[in-house]
Amino acid sequence: MKYLIIIFLYCSSCLVLASEKTDSLWTVWQDETIPVIDRVNAINDIAGEFYRSKSDSAKVLAEMGLEAAEKAGYLNGVYRSKFLIGQSLYYKGERDEAMMVLQNLLESIQIKSKEDLKIQADVEYFLGIRYMLRGLYSKALELCFKSLDHYTKLQDKDGLISSHVGLNYIYKNQGLYEQSRAHLSVADSIALAIQDTTAHYVVIGNLAVVLSLEGKFDESDSLHYLVMENDRKIGNISGIALTYNNIGWNYEIREDYEKAREYYTKSLELSTQINYDFYINIARSNLSRMALKLGDPQEAVRQALPVYEKAISMSDIRRQEESLNVLHKAYASIGNFSQAYSHLLKYIEIRDSIRNDNNVQEATTKELQYHFEKEQLTDSINFAKQQQISHLQLKQQESELQNEAQFRYFLFVGLGLAVLFGIFIFNRFKVTSKQKVIIEDAHHALEEKNQEIMDSITYAKRIQNAILPPSKLVKEYLNNSFILYKPKDVVAGDFYWMEPYGDKVLFAAADCTGHGVPGAMVSVICNNGLNRSVREFGLTDPGEILTKTRELVIKEFEKSEDEVKDGMDIALVSLELRASAESENETPHSHSASHSILKYAGAHNPLWVIRKGSSEVEEYKADKQPIGVHDNPVPFATNTVQLNSGDCFYIFSDGFADQFGGEKGKKYKSTNFKQLLLSIQDQPIEKQRELIDKAFEMWRGNLEQIDDLCIIGVQV
């Protein structure tokens, strides 16, 4: 069965892109008369063609090679198959599992041949670059240096160039540009010695980026356009997309943001055309930054949010840092200070993890260990020398001159690197003490500021709790009821309200604009409006209370010089009991009477009634206008409902229905909320609260609570 699946995958996926080479390899794999080593190598070669573009198919093909290699005891085939499985998992997006597979493989390899050493070097390099993307520079350096050592012993020209370019990435991201250029110089020398034009232009493109970071924009631009011209000649769309991005960066540093956005957009279009997620995320991250700098924080949030989510799934720490930096600034510009603060804390945490001074020092120490203890640069020189000898076997008359010149060139490069790194480490020791003091002072100041903010928010919570009705009052007037109140943040925009008045009890579930600190501030104003409507103006009809509250809230906001459109949605109930008490001890406001009169008015938020034993929810709709500014305001309508013993009714905010969760991460929705209430109607009222809370948490799972939650349930 498995073979049939493989054949189907090959026919449906691989053959679409297959060359004569892959067809030939497939034929070898199918021929069981051919030695198993050759068959495993053939199926792995096919998987190697597709682990990026057709990762699902590549993984299955590599698993098939693994099974055959294990049966035959062909260890090198086992290693290579596992490497391809790890690479396929990585490009499928299952990055954590891929890293675990590859790390386990690295620990299990037994070096018995050059082929085994080659796989070990490839795995070390692949893992090193992925650790770099996660911001683990020390681990990345360790692995890249090991791969460089092994590629040198193997005299592997492609591996040597890759390792030096990879080390350039690591040092460039740490701001160590001299080291970065030094590794690029070695990589380019090897590429020119073996006449590898493709590698030469890769090095030039990386050098252009380093020059840009050093402020040498004219030189950088010239190299970028040179690389782009070559990419156009060979049809390398991904290379052009990357160069557009780099040119945009040069314009951004010069503060020509419109021009930068133009090039970032070109990069995004080409990256989308070839469906290259990594480049797409880079372009969108850059566009979000441009939107912020051009005064459009809403667009910045729209671009940065998916970048952050994708960067998490890709374990790209650099893009996480960039997007969080944009998000906290954009949210602050919009006025959503709760989100701004939340994203600022995440940004600081990630920034500190990848830019600390210890990380830089450790990186420099490892560089010195590499050059002065292992002398691997000399090994790279010897490799290039051997490559030159092999190349000049066809041109014997030129061999000695070219080989000697190449040796001298690499020797001078090695000596130059040693001098540069010696100067650098001496300078680092001079400034380390001062930097450490500055960093510690800044960190201490940040901790103090964070503590001040948290103390203020905690105090705000105490103030907000003071305006909520105490539990004793709620149980006195609504003894058979529950309140489920779950703020999203420390303080909330949702609140519940109660006011006894004569033989009535008025209560409400309210949802103010926003959540967190801004929402809590609005809730204080709206709560005050409700209190004044009843206490100062003597209103008891729900519709009249809401109409007056709207008037008071708008007047309060009109005091501001800025236009304020905040307000609240609310469901307000007046409960009046008809005397049919069976006991002289029964109070007028208890609810053991057989009949009750309920009056309701709402701004967007409805009233739901479930009659005893009913299979349906009676919904009393709210007016489609808020407590706040509205284009066509009208007085709020009051609905009168007669309730019988055993009936339940509910008022609530939209926090439950709008919560994302479940297997597909969708909204819960009102329809499901109704079904939940119907399913628990026979339970005691306090048990209902427990079951609703449990249902909410199960639905939410590991996802963030997106809004405040307030639900009030009463059984007559």
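The values are calculated or read from the model by the stated rules, or taken from the named source; none is laboratory data. This structure is a prediction, so every number in the text was calculated from the model and none was measured. Quick reminder, even Gly has a Cβ in these numbers, built from the backbone with ideal geometry, and neighbours come from all protein chains shown.
Among the residues of region 211-230, those identified as within 19 Å of Ala283 (Cα to Cα) and either surrounded by fewer than 19 Cβ atoms within 10 Å (Cβ to Cβ) or modelled with pLDDT under 85 (or both) are Leu213, Asp221, Tyr225.
Name the residue that is surrounded by the most Cβ atoms within 10 Å (Cβ to Cβ), counting only residues in region 470-505 that are out of contact with any helix residue (DSSP H, G or I) (no Cβ under 9 Å at 6 or more places or on another chain), free of Cβ contacts under 8 Å to residues at least 60 places away in the same chain and under 27 Å from Ile706 (Cα atoms).
Going residue by residue through region 470-505, those that are out of contact with any helix residue (DSSP H, G or I) (no Cβ under 9 Å at 6 or more places or on another chain) are 470-479, 485, 502-504.
Those left that are additionally free of Cβ contacts under 8 Å to residues at least 60 places away in the same chain: 470-475, 502.
Of the ones still in play, those that are also under 27 Å from Ile706 (Cα atoms) are 470-471.
Details: Pro470: 11, Ser471: 9.
Among those residues, the one meeting the criterion is Pro470.
Suppose we keep only residues that are of a type in the set (Val, Ile, Thr) and within 17 Å of Arg351 (Cβ to Cβ) within region 285-325. Which one would you say is surrounded by the most Cβ atoms within 10 Å (Cβ to Cβ)? This residue is Val307. Within region 688-707, being over 25 Å from Asn480 (Cβ atoms) and crowded, with 17+ Cβ neighbours inside 10 Å holds for Trp699, Arg700, Gln705, Asp707. Sub-6 Å Cβ pairs linking a first residue in region 204-215 that is without any contact (Cβ under 8 Å) to a residue 24 or more places away in the chain to a second residue that is among the charged types (D, E, K, R) and part of a helix (DSSP H, G or I), at least 6 apart or interchain, are Leu211/Glu219, ordered by first then second residue. All of (1) modelled with pLDDT of 70 or more; (2) of a type in the set (A, V, I, L, M, F, W, C); (3) more than 13 Å from the chain's Cα centre (by Cα); (4) within 23 Å of Tyr131 (Cβ to Cβ) hold for Ala283 with one exception: (4).
I'd like to check something: does region 35-50 contain any residue that is at pLDDT 75 or above and polar (S, T, N, Q)? Even if it seems obvious, please write down each step before you answer.
Step one: filter region 35-50 for residues at pLDDT 75 or above, giving 35-50.
With polar (S, T, N, Q) added as a condition, the list becomes 41, 44.
Yes, some residue in region 35-50 is at pLDDT 75 or above and polar (S, T, N, Q).
Of the residues Val522, Val534, Val505, the single one that is under 41 Å from the mean Cα position of the chain (by Cα) and farther than 17 Å from Phe652 by Cα is Val522. Within region 193-210, the set of residues being over 14 Å from Trp249 (Cβ atoms), buried (at least 16 other Cβ atoms within 10 Å of the Cβ) and of a type outside the set (Val, Ile, Thr) comprises Ala193, Asp196, Ala199, His200, Tyr201, Leu207.
Considering Asn639, Asn632, Asn644, which residue is under 21 Å from Ile597 (Cβ atoms) and exposed (fewer than 13 other Cβ atoms within 10 Å of the Cβ)? Spell out the reasoning first.
Working: Asn639 fails: exposed (fewer than 13 other Cβ atoms within 10 Å of the Cβ); Asn632 fails: under 21 Å from Ile597 (Cβ atoms).
Result: Asn644 is the single residue among Asn639, Asn632, Asn644 that is under 21 Å from Ile597 (Cβ atoms) and exposed (fewer than 13 other Cβ atoms within 10 Å of the Cβ).
Residues being at pLDDT below 90 and under 13 Å from the mean Cα position of the chain (by Cα) are represented in region 337-346 by at least one member. Annotation: Glu255 fulfils all but one of (1) outside any helix (DSSP H, G or I); (2) among the charged types (D, E, K, R); (3) at pLDDT 90 or above; the unmet one is (3). Does Gln174 fit the bill of being under 30 Å from the mean Cα position of the chain (by Cα) and more than 27 Å from Leu270 (Cβ to Cβ)? Yes: the conditions hold for Gln174.
Residue selection: Asp658 fails the criterion of being surrounded by fewer than 17 Cβ atoms within 10 Å (Cβ to Cβ), more than 37 Å from the chain's Cα centre (by Cα) and not in a helix (DSSP H, G or I).
Glu269 falls short of the stated requirement of being within 22 Å of Glu214 (Cα to Cα), of a type in the set (D, E, K, R) and surrounded by fewer than 17 Cβ atoms within 10 Å (Cβ to Cβ).
Checked against the criteria, Asn281 counts as closer than 20 Å to Arg52 by Cα and surrounded by 21 or more Cβ atoms within 10 Å (Cβ to Cβ).
Inspect all residues belonging to region 256-265 and state whether any of them is under 26 Å from Arg95 (Cβ atoms), free of Cβ contacts under 8 Å to residues at least 60 places away in the same chain and over 13 Å from the mean Cα position of the chain (by Cα). Checked region 256-265: at least one residue is under 26 Å from Arg95 (Cβ atoms), free of Cβ contacts under 8 Å to residues at least 60 places away in the same chain and over 13 Å from the mean Cα position of the chain (by Cα).
I'm trying to understand the selection: among the residues of region 637-667, which are small (Gly, Ala, Ser) and touching a Ser or Thr at 6+ places or on another chain (Cβ under 6 Å)? Result: Ser645, Ala657. Examine region 37-47 for a residue that is among the acidic types (Asp, Glu) and more than 26 Å from Leu127 (Cβ to Cβ), and state whether such a residue exists. Checked region 37-47: at least one residue is among the acidic types (Asp, Glu) and more than 26 Å from Leu127 (Cβ to Cβ). Within region 314-337, residues that are on the phi > 0 side of the Ramachandran plot sit with their Cβ atoms under 9 Å from residues that are among the aliphatic types (A, V, I, L, M), at 6+ positions apart or across chains, in these pairs: Ser315/Met99; Ser315/Leu133.
Based on this model, can you work out whether Ser57 counts as farther than 19 Å from Gln30 by Cβ, crowded, with 21+ Cβ neighbours inside 10 Å and touching a Phe, Trp or Tyr at 6+ places or on another chain (Cβ under 8 Å)? No: the conditions fail for Ser57.
Given region 113-183, what helices (runs of 4 or more DSSP H) lie entirely inside it while holding 2 or more residues that are farther than 29 Å from Glu349 by Cβ and of a type in the set (Val, Ile, Thr)?
Working: elements: 114-133, 137-154, 157-173.
Those helices (runs of 4 or more DSSP H) span 114-133, 157-173.
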